[in-house]
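These notes are about the structure you will find just below.
The values are calculated or read from the model by the stated rules, or taken from the named source; none is laboratory data. Predicted, not measured: the structure shown is a model, and the values here were computed from it. Cβ coordinates were reconstructed from backbone atoms using ideal geometry, including for glycine residues, and neighbour counts include every protein chain displayed.
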Amino acid sequence: MLLSLVVHTYSLRYWFPATVMLGTAPAYLLSWGAWRLLSTILPARLYHRLDDNIYSIYQSMVLFFFENYTGVEIVIYGDMPKKKENVVYISNHQCTADWIIADMLAIRQDSIGHIRYVLKDGLKWLPLYGWYFSQHGGVYVKRSAKFDEKAMKKKLLSQTDLGTPMYLVIFPEGTRYNPELKNVITESQDFASKQGLAVLGHTLTPRMKASHIAVETMKDHLEAIYDVTVAYEGTVGANGERRPAPTMPEFLCKECPRVHIHFERVDMKEIPLEPVFFRRWLHERFEIKDQLLSSFYESEDQNTKCRFPGQSKISPLSFTKTLPSLLFLGGLTLPMLLTESGRKLYIRTWLYGTLLGWLWVNVSP
C-alpha cells in the first residue's frame, strides 16, 4: 500500500506538468489561429511580431515546469549578451530535454519568442505542434541524401526577407549521443576517421549541412553563433561510466539537480563561409566541446564538485517570467472544459487540427 502510494506520487511529478502542457494546446492553437485569420489583411511583419509574443507565452509556461517546478539549478559559464540578437544556436545533443536548454537561455535574453528549430522530419507528425512549429518558422529536415537544401534555404529566406527575429536552434550531431548505443558512437567515430577529422569521445561527429546552409543563407541577417555545451549533473555511474542524460519525463520528475551550460558567443565575422573551411571550423568547435565534457565527467567521476573549467554563476529564473503565462493559458483552457460546447470544440480541435496539420506539412511545398 505504502509502496503503491509512493509510486503514484512519483508518477504525478511527470503526469501533472505533462497534462497541463499538452492540455492547453487546443486553447493556445485556437488563439493563434484567430490572430492568423485577422492578420491576413495586415502587414506580414506585424503578424510575425505578435506571433512571437504568443509563442513566448506558451514557451514561458513550459519553463515554469522545467525550471520553477523542478527546482533545477542552472549554472552558466561565460558571458551571455543581455541584448537580443539574431543568432544560430548550436549545441551538443544528448536527450529530449536539450530543446528546453535553448529556451532557458533565450528567456534570459527576452528572446524566447524568437526561437525557431531545425527539426528531424519525423517530428512533423506531432499532434497540433508538428504543424505549428512549421508555421512559426521551424524547418524540418531529412538526413543524408534526402536532405533538401533548396527547401531549407527557401524557408529561411522567407523569414529573413521579412526581418523576422531569429534564434535558430540546431543540433549538428543530427541525433542524440547515448553512451548505451555503442554502434552509433562507433559509426560516428569511423566517419570522422575516414574524413581525416579528430575522433570525439563525448559527442558525435557534427554534420555540417544544416548549420552551413543556415549561416550562409542568413549571413546578412545574423549577428553571431551561440556555441553552447551542456552537461547534466548526475550522469556518471558508480563505476565511472557515463550514463544517458535525463529524458523529459525524468527531468520533470526532478532527477536532474543541476544543469551546467557553457556559453560562447562567436561573431559572424569570425566564421568561414566556404564549405571546406566551415566543416573544419565546426569540427574544431566540437573538439572544444569534447574537451569541456571530458573535464566535466572526470571531475564528477572523482567525486569532486563537477563543473566545466572557468568561472560560473548560478542563474535562477524568476516566477514572474513564467507563472503569468501558466495562469493565462490555464484561464483560456478551463472555460472550454467546463461546458459541453467547449468540450466538443476542445476535442474537435485536437482531432481535426491534428489531421489538417499532418496534411499541411506533407503537402505544402
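Put simply, of M268, M248 the only residue that is crowded, with 16+ Cβ neighbours inside 10 Å and under 23 Å from F65 (Cβ atoms) is M248.
Note on region 234-265: among residues that are of a type in the set (D, E) and over 19 Å from the mean Cα position of the chain (by Cα), the one that is modelled with the lowest pLDDT is E241.
Taken over region 85-134, residues that are crowded, with 20+ Cβ neighbours inside 10 Å, assigned to a loop (DSSP other than H, G, I, E, B) and without any contact (Cβ under 8 Å) to a residue 60 or more places away in the chain amount to 1. Please verify whether region 65-72 includes one or more residues that are farther than 13 Å from L317 by Cα and over 14 Å from the mean Cα position of the chain (by Cα). Within region 65-72, none of the residues are farther than 13 Å from L317 by Cα and over 14 Å from the mean Cα position of the chain (by Cα).
Cβ separations smaller than 7 Å between residues 6+ apart or across chains give the following pairs from region 324-349 residues that are buried (at least 16 other Cβ atoms within 10 Å of the Cβ) to residues that are among the β-branched types (V, I, T) and not in a helix (DSSP H, G or I): L329/T24; T333/T24. It is to be established whether one or more residues within region 179-194 are among the acidic types (D, E) and part of a helix (DSSP H, G or I). Checked against the condition, which is being among the acidic types (D, E) and part of a helix (DSSP H, G or I), region 179-194 yields at least one hit. In the set (1) assigned to a helix (DSSP H, G or I); (2) in contact (Cβ under 8 Å) with a residue 40 or more places away in the chain; (3) within 30 Å of A27 (Cβ to Cβ), the condition left unmet by V215 is number (3). Go through region 99-131 and count every residue that is farther than 16 Å from R49 by Cα and touching a Lys or Arg at 6+ places or on another chain (Cβ under 7 Å). Total meeting the criteria: 4.
Evaluate the following for M61: is it hydrophobic (A, V, I, L, M, F, W, C) and assigned to a loop (DSSP other than H, G, I, E, B)? So M61 fails the test.
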